[in-house]
1. Which of (1) farther than 19 Å from residue 208 by Cα; (2) open to solvent by 10 Å² or more (accessible area, probe 1.4 Å); (3) touching a Ser or Thr at 6+ places or on another chain (Cβ under 6 Å) does residue 247 not meet, given it meets every other one?
2. Would you say residue 183 is surrounded by 21 or more Cβ atoms within 10 Å (Cβ to Cβ) and within 23 Å of the chain's Cα centre (by Cα)?
3. Answer yes or no: is there a residue in region 92-115 that is part of a loop (DSSP other than H, G, I, E, B), more than 20 Å from residue 21 (Cα to Cα) and open to solvent by 80 Å² or more (accessible area, probe 1.4 Å).
4. So, of the residues in region 52-74 that are modelled with pLDDT of 95 or more and touching an Asp or Glu at 6+ places or on another chain (Cβ under 9 Å), which turns out to be nearest to residue 153 (Cα to Cα)?
5. Within region 118-128, is even one residue within 28 Å of residue 29 (Cα to Cα) and among the charged types (D, E, K, R)?
6. Name the helices (runs of 4 or more DSSP H) wholly inside region 211-296 in which the number of residues that are of a type in the set (S, T, N, Q) is 2 or more.
7. How many residues are modelled with pLDDT of 95 or more and open to solvent by 50 Å² or more (accessible area, probe 1.4 Å) if we restrict to region 79-91?
8. Identify, from the list 77, 70, 32, 18, the residue that is within 21 Å of residue 108 (Cα to Cα) and among the aliphatic types (A, V, I, L, M).
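The values are calculated or read from the model by the stated rules, or taken from the named source; none is laboratory data. Treat the numbers as computed from the prediction; the structure is a model and nothing was measured. Heads up, the Cβs are rebuilt from the backbone with ideal geometry, glycines too, and the neighbour counts pull from every protein chain shown. With ligands, DNA and RNA removed, areas are computed over all heavy atoms of the protein, side chains included. Shrake-Rupley method; radii C 1.70, N 1.55, O 1.52, S 1.80 Å.
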Amino acid sequence: MQKFLIIQTAFIGDVVLATSLVEKLHQFFPGAAIDFLVRKGNESLLSNNPNLRDVLIWDKKKNKNKNLLALLKKIRASKYDKVINLQRYLATGILTAFSGATETIGFDKNPLSFLFSKKIQHSFNISEAKHEIDKNNALISHFTNTVAARPVLYPSVADVDSIKPYTTSPFVTMTPSSVWFTKKYPVEKWIDLINKFDPSYTIYLLGGKDNADECNQIAEKAINKNSRVLAGKLSFLQSAALMKHAAMNFVNDSGPMHFASAVNAPVTAIFCSTIPAFGYTPLSDVSYIVETKELLTCRPCGLHGKKACPLGHFKCGFGIETEQILDTFVNKP
């Protein structure tokens, strides 16, 4: 039996996209043991995944280095055939290079990639415009093929049952928050979108516990009172299950966009400071991208977004018209 370890200890969206490799490996090696390493807090994303044997967890906030060494010991004891590292940082480079695996694979940007059996070039060259799942798939294409699988999340029966009370009438979801300020469509613009939305639809505002205050602020200030705040009340997989049944899901360029992709839910992705050419676009069959029509020389201002607009005007966010977003819903197939 072959044994694989996938390493992705970044943000939730990165983990969701990395499930593409789980699907691909299972497709080619249905009898293999596939394990997945994530940072603590992201492990629930992989719950119920029938193609995973084990989920390894790295607690990066408490005793980070001690936990890293304990993980390395566990990885070495597992005697993996292949360790596939999607991260480009030193710590995961240590886990990969010294894993004892027969083959170690990672991106050339990892500082320890010179110790890997195989290293693959990773680029954010916007002229190539490769999706992140294609970049990740390049790590395993030499022993599978060049066609990337779609990422998949697996909400449980209990997850699906828990969101049924919210699905008895037509609804959409909106997820206003993001880790990065310049990836967030402005609060004022979300309020305007809600106010102009078809009143026959309930609007569920999604997000984590840290986003509940912002969602409550949006709901309270909106004239249209047909919105309900679910931020902080649903798990990752419950949110994904709800999104799957929505008439549309409105998101920023952030993790929830990838939730929609992983359950093939209809999605409208709003790109403010970042651009689709970075390779993080939605993958759902019904998906739309909305961005400012104005050609801004300052956009993109960074790969991951910033804590504030460097020029102070945030035109990439405020320049997006509400009607652009509404059109994706009114005109969808």
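1. The single condition residue 247 does not satisfy is (3).
2. Numbers: surrounded by 21 or more Cβ atoms within 10 Å (Cβ to Cβ): yes; within 23 Å of the chain's Cα centre (by Cα): yes.
Yes.
3. Start the filter on region 92-115 by keeping residues that are part of a loop (DSSP other than H, G, I, E, B), which leaves 98-102, 108-112.
Okay, now just the ones that are also more than 20 Å from residue 21 (Cα to Cα), so 98, 100, 111-112.
Then drop every residue that is not open to solvent by 80 Å² or more (accessible area, probe 1.4 Å), which leaves 98.
The answer is yes, given that some residue of region 92-115 is part of a loop (DSSP other than H, G, I, E, B), more than 20 Å from residue 21 (Cα to Cα) and open to solvent by 80 Å² or more (accessible area, probe 1.4 Å).
4. Per the stated criteria, the residue is 52.
5. Checking region 118-128: at least one residue is within 28 Å of residue 29 (Cα to Cα) and among the charged types (D, E, K, R).
6. Values: elements: 212-221, 236-244, 255-262.
Those helices (runs of 4 or more DSSP H) span 212-221, 236-244.
7. Count: 1.
8. Values: 77 fails: within 21 Å of residue 108 (Cα to Cα); 70 fails: within 21 Å of residue 108 (Cα to Cα); 32 fails: within 21 Å of residue 108 (Cα to Cα).
From the options 77, 70, 32, 18, the qualifying one is 18.
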